[in-house]
Amino acid sequence: MTKPTKPMKSTMPKITESTLLEALRHAMAEHTRKGEGKTAAELAVESKLNITKVRHQLRILIDQKKCIVELEYRSSIAGYMRAVPVYVLVK
């Protein structure tokens, strides 16, 4: 007979609006050209949060007009330039 196991507690920190705003501010501080931002994946890596939670919180910030989405052209793995959505904090 197997011993019942306890459910594992999540070790991921809970994302808050202030956590994501801070990640966006940090991301924007690194850029000097107007309009540059970070992708959701880049923000997830920088803030050490799950990409799904970052995307959900970004949607809330966009609805509150605290963040906007812009398109930035970046090189793909195949070398082609493609439009990528990036997020920019509204000042």
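At a Förster distance of 22 Å, what's the computed FRET efficiency of Thr16 paired with Glu70, Cβ-Cβ distance as r, to 0.05? My answer for the efficiency is 0.35. Given a Förster radius of 30 Å and the C-beta distance between Lys91 and Ile51 as r, what FRET efficiency does 1/(1 + (r/R0)^6) yield to the nearest 0.05? Efficiency computed from Cβ-Cβ geometry: 0.75. Highest average first, the peptides 60-67, 79-86 ordered by how many other beta carbon atoms sit within 10 Å of their residues are 60-67, 79-86.
Length available on full extension from Arg82 to Ala41: 0.36 nm per residue minus the Cα-Cα distance, which gives 13.1 nm.
Only the coordinates and a few stated rules stand behind these numbers; no lab work does. Because the structure is a prediction, the values reported are computed rather than measured. When we count neighbours, we look across all protein chains shown, and the Cβ atoms used for this are built from the backbone with ideal geometry, even at glycine.
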